[in-house]
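Engineer: The following block contains the structure, expressed as structure tokens.
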Amino acid sequence: MKPFAPTRQSMTRLFALSMVLWSGLSCAQSLIIDDDIDRHARAWIADIDAGNPGAAWDKSSNQLRDTLPRADWEKAVKPLQALGNIKSRSLSSVTFTLKMPGMPNGNYAVVSYHGSFTAKEEAIETVVLRHETDGRWQGVGYQVR
């Protein structure tokens, strides 16, 4: 018998289900859950990986662009260059929520990765996306620890 090997889709569904059970039916009914959230998160941080954080800012949520000027975003992301190039990134967890500290209520996805960079072998990356009124998931935060 082969051991169970979870796929990205099964992991996303599992975390989405846990959020539904945790947040209660009234909140769960308004959660927007996307099985392909990993693809959205990777697409947003691809410009950061390529050394072009300004392009990531251009594709970010209105919420981020309205609160943080592009030059400040680029300055905040600049220290990530010291990590070097991304070598690998594997999905660790996805959490969907209606509330984020310090942000207005909305549909958010918190996507965590185990990453490896040329200058930092083990890193935890966290990408926060917000579901916009136009139906797209767009970035509101990125952190590497």
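The values are calculated or read from the model by the stated rules, or taken from the named source; none is laboratory data. This structure is a prediction, so every number in the text was calculated from the model and none was measured. All Cβ positions, glycine included, derive from the backbone under ideal geometry; neighbour counts span all protein chains shown.
Engineer: Within the stretch 76-89, is there a residue that is modelled with pLDDT under 95 and of a type in the set (Ser, Thr, Tyr)?
Structural biologist: No, because not a single residue in the stretch 76-89 is modelled with pLDDT under 95 and of a type in the set (Ser, Thr, Tyr).
Engineer: Right, residue 129: surrounded by 12 or more Cβ atoms within 10 Å (Cβ to Cβ), within 16 Å of the chain's Cα centre (by Cα) and in a strand (DSSP E or B) or not? Can you show your working first?
Structural biologist: Working: surrounded by 12 or more Cβ atoms within 10 Å (Cβ to Cβ): yes; within 16 Å of the chain's Cα centre (by Cα): yes; in a strand (DSSP E or B): yes.
So residue 129 passes the test.
Engineer: Spot the failing condition for residue 8; the list is (1) at pLDDT 95 or above; (2) touching a strand residue (DSSP E or B) at 6+ places or on another chain (Cβ under 9 Å); (3) at negative phi, and only one is missed.
Structural biologist: Going through the list (1) at pLDDT 95 or above; (2) touching a strand residue (DSSP E or B) at 6+ places or on another chain (Cβ under 9 Å); (3) at negative phi, residue 8 breaks only (1).
Engineer: Here's a check for you: in the stretch 38-72, which residue that is without any contact (Cβ under 8 Å) to a residue 60 or more places away in the chain and not in a helix (DSSP H, G or I) is farthest from the chain's Cα centre (by Cα)?
Structural biologist: Per the stated criteria, the residue is 69.
Engineer: Something else now. Considering only residues that are among the charged types (D, E, K, R), closer than 17 Å to residue 143 by Cα and out of contact with any helix residue (DSSP H, G or I) (no Cβ under 6 Å at 6 or more places or on another chain), which ones fall in the stretch 66-82?
Structural biologist: Once the filter is applied, which keeps residues that are among the charged types (D, E, K, R), closer than 17 Å to residue 143 by Cα and out of contact with any helix residue (DSSP H, G or I) (no Cβ under 6 Å at 6 or more places or on another chain), the stretch 66-82 yields 72, 75, 78.
Engineer: Go through (1) surrounded by 13 or more Cβ atoms within 10 Å (Cβ to Cβ); (2) closer than 13 Å to residue 97 by Cα; (3) at pLDDT below 75 for residue 24 and report which single condition fails.
Structural biologist: Tallying (1) surrounded by 13 or more Cβ atoms within 10 Å (Cβ to Cβ); (2) closer than 13 Å to residue 97 by Cα; (3) at pLDDT below 75, residue 24 fails exactly one: (1).
Engineer: Of all residues in the stretch 96-113, count the ones that are surrounded by fewer than 16 Cβ atoms within 10 Å (Cβ to Cβ) and either part of a strand (DSSP E or B) or at positive phi (or both).
Structural biologist: 1
Engineer: Here's a follow-up. Please indicate, with yes or no, whether at least one residue in the stretch 46-67 is at pLDDT 90 or above and closer than 13 Å to residue 97 by Cα. If you could, list the steps in order and put the result at the bottom.
Structural biologist: Filtering the stretch 46-67 for residues at pLDDT 90 or above gives 46-67.
Still in the running and closer than 13 Å to residue 97 by Cα: none.
Within the stretch 46-67 (the criterion being at pLDDT 90 or above and closer than 13 Å to residue 97 by Cα), the answer is no, since none of the residues qualifies.
Engineer: A further question follows. When the stretch 73-94 is examined, which residues are found to be in a helix (DSSP H, G or I) and under 17 Å from residue 43 (Cα atoms)?
Structural biologist: Matches in the stretch 73-94: 77 only.
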